[in-house]
Every structure is written in C-alpha cells, then in structure tokens.
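Working notes, beginning with the structure itself.
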Amino acid sequence: MITEIPVELSILSAGYCLHPERLTLRGGSLKPVAFPAGYALIRHPEHGPILFDTGYSARFFEETASLPASLYRRITPVVFKEEESAVRRLREGGIAPEEVRYVVLSHFHADHIGGVRDFPQAQFIYLQKSYDAVSGLGPVRATKAGFLPGLLPGDFTRRSLPVDEASPKRPLPEGLPFTEAYDLLGDGSLLAVELSGHAAGMIGLFVSTTEHDYLLCADTVWSSRAFRENRRPHPAAGIIMSSRAEYRLNFERLRRIHEQHPALRIVPSHCREALAHWGTGRVK
C-alpha cells in the first residue's frame, strides 16, 4: 500500500466535452470523441467524504453565456445533465453537500472546478502556484487559460488550505519517479505530487484502498492509451499547456509508473477506459 491509511474510492464523472481525438492522442481519430469530466469521491475513515475535483455543473453554462467566456464552450462543446452533477450523485449516495469537508483541486480549469460552489462547508486544497497562475488574469487571458472565476465561491480564499514548498511531505516508496509527496491531511492518507505541464501547479493524488493503489493523475494525459502506447498529444495541444517541457517530464513519469508498477491504477480525469474499468457510476 502506497499510503498509510486506506480509504474508500468512487471514480465518477459529471458531463463531458467533445474534442477531436487526434489533438489529445497522436495518430488518433479526427472525429470528435467524448472526454468525461472525471472526479473522485474519497471516503476517509476520520474526515468523511472528500472530493478530488468536481467535474462540470450547470453553472458552467451560466459563466460562458457571453464573450469572451462563450468562446470556451464553442471551441470545447460541453454536454451535461443536472442529474450527473457531483452534488446530485452524492445526495443519491446519502451524502449531504454540507458533509464534504475538503475538496482537493488538481488545477483550476473549468471542467475540474465546475461544482465547487455546491459544497458550502468545504475547504479547498490545491497547490498555491496553481491558483497564482490564474487568479490575476483578465477575462480574455482567463478564458484562454480555461479558467472561469465565477465558478469559485466568493469566500474561496478564506476557505482555502493551499499547499506550498513549506507544506508537510512524506517519502514515497522506492521505485516511483517521485521521492516525496505532499501529505495533504497530515496522516499519510492523501499524498499529492506536482504534475505541472498541462497546467501550472497541477497535482495528482496517490490514494490506496484495502485492495488497490491509485494515482489520480488529472490531465497529465487525456487517456490511458497515451502512456500505455507512448502516444503524446498532437503538437498543437502545446498551445494550451503551461509548459511543454514539464508536460514531457510528467508524461515520462507516468510511463515509468505504468511499466514498473503495473498493478498501480493510473486514472486520468478524462479517460473513458479508466472510467469504464474502475468507475462506479454511483457513490459507493
């Protein structure tokens, strides 16, 4: 077990966007394919329900109703039904939104923060430089960066518990391409590693259940085929990356983990295959 405390894990999605597959997977189809907006529910034995990202919500359409933000959904069409929202899924599983104490944000793209305002008691955990990279942007640059500030609650910073270089860390097992990870709750249960490249300060999360180890790798890749078949995105995808060099570094890290630790389940946020294999479709 990679982490020290096992948790229960539900891998879910809230809506999806459409992209030509070739943009995200070199040699892929030119036809638009669905990329689910994945998130995870973590049931911690002490802290209760915790979310890793939230997927979309209906608020996305409100925030993209006019220019320049409307360009976001024109370039990346989104399909979403209210019954797919994280808040609805959790309610169906018997979890009231007020019970969610923490929401871990991998990064600040709209398909990852779309539902955060639905959890009024949650505190937000993220890498500080991820928020710093988008918080001061004007409307045009924010849209280009995939950030819609209206998706965040007005008291976002007050409710935040940002992580930085001074935050507690723990060593990771030998053989992983990371030496240490941020210990988000101080008990070894949620171990975050920086996976910048797609977005500045993006984090992935190592979690363990009693049966399996997982790496929730956010948008380090858009599909499992990418690291399994060594197929990076089309060069044009670099336009939206914060750093092509960091992307290449973390892409190679995923490849090494897959090759050297085949039992570890790597879960990209937008991978239909991972969702089909390990997703629950409902809150466990």
At pLDDT 95 or above and of a type in the set (A, V, I, L, M), is that true of residue 245? yes
On the given criteria, is residue 237 small (Gly, Ala, Ser) and either modelled with pLDDT of 95 or more or under 24 Å from residue 146 (Cα atoms) (or both)? yes
Can residue 79 be described as among the hydrophobic types (A, V, I, L, M, F, W, C) and modelled with pLDDT of 95 or more? yes
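Residues checked against (1) in contact with a helix residue (DSSP H, G or I) (Cβ under 8 Å, 6 or more places away or on another chain); (2) more than 29 Å from residue 32 (Cα to Cα); (3) polar (S, T, N, Q); (4) in contact (Cβ under 8 Å) with a residue 60 or more places away in the chain:
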position	(1), (2), (3), (4)
186	no, yes, no, no
204	no, no, no, yes
217	yes, no, no, no
227	yes, no, no, no
232	yes, no, no, yes
246	no, no, no, no
266	yes, no, no, no
Check region 256-270 and report whether any residue there is surrounded by 15 or more Cβ atoms within 10 Å (Cβ to Cβ), more than 30 Å from residue 92 (Cα to Cα) and out of contact with any strand residue (DSSP E or B) (no Cβ under 9 Å at 6 or more places or on another chain). no
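One line per residue, one yes/no per condition, for (1) in contact with a Ser or Thr (Cβ under 6 Å, 6 or more places away or on another chain); (2) more than 29 Å from residue 189 (Cβ to Cβ):
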| site | (1), (2) |
| --- | --- |
| 4 | no, no |
| 36 | yes, no |
| 40 | no, no |
| 50 | no, no |
| 53 | yes, no |
| 74 | no, yes |
| 85 | yes, no |
| 90 | no, no |
Return the residues of region 254-279 that are within 17 Å of the chain's Cα centre (by Cα) and not small (Gly, Ala, Ser); say none if nothing qualifies. 254, 265, 266, 267, 268, 270, 271, 272, 273, 275, 278
Over region 164-187, the set of residues farther than 19 Å from residue 260 by Cβ and either part of a strand (DSSP E or B) or of a type in the set (Gly, Ala, Ser) (or both) is 166, 167, 169, 170, 182, 183, 186
Counted residues, region 249-284 - those being closer than 19 Å to residue 21 by Cβ and of a type in the set (Asp, Glu): 1
Please find, among 157, 209, the residue that is touching a Leu at 6+ places or on another chain (Cβ under 6 Å), among the β-branched types (Val, Ile, Thr) and under 27 Å from residue 46 (Cα atoms). 209
Suppose we filter region 1-39 for residues that are of a type in the set (Gly, Ala, Ser) and surrounded by fewer than 22 Cβ atoms within 10 Å (Cβ to Cβ); how many remain? 5
Verdict on residue 193 being surrounded by 16 or more Cβ atoms within 10 Å (Cβ to Cβ) and without any contact (Cβ under 8 Å) to a residue 40 or more places away in the chain: yes
Kindly indicate which of 18, 9, 30 is over 29 Å from residue 129 (Cβ atoms), in a strand (DSSP E or B) and not charged (D, E, K, R). 18
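The values are calculated or read from the model by the stated rules, or taken from the named source; none is laboratory data. All of these numbers come straight from a predicted model, not from anything done at the bench. Glycine also receives a Cβ, built like all others from the backbone with ideal geometry; neighbour counts cover every protein chain displayed.
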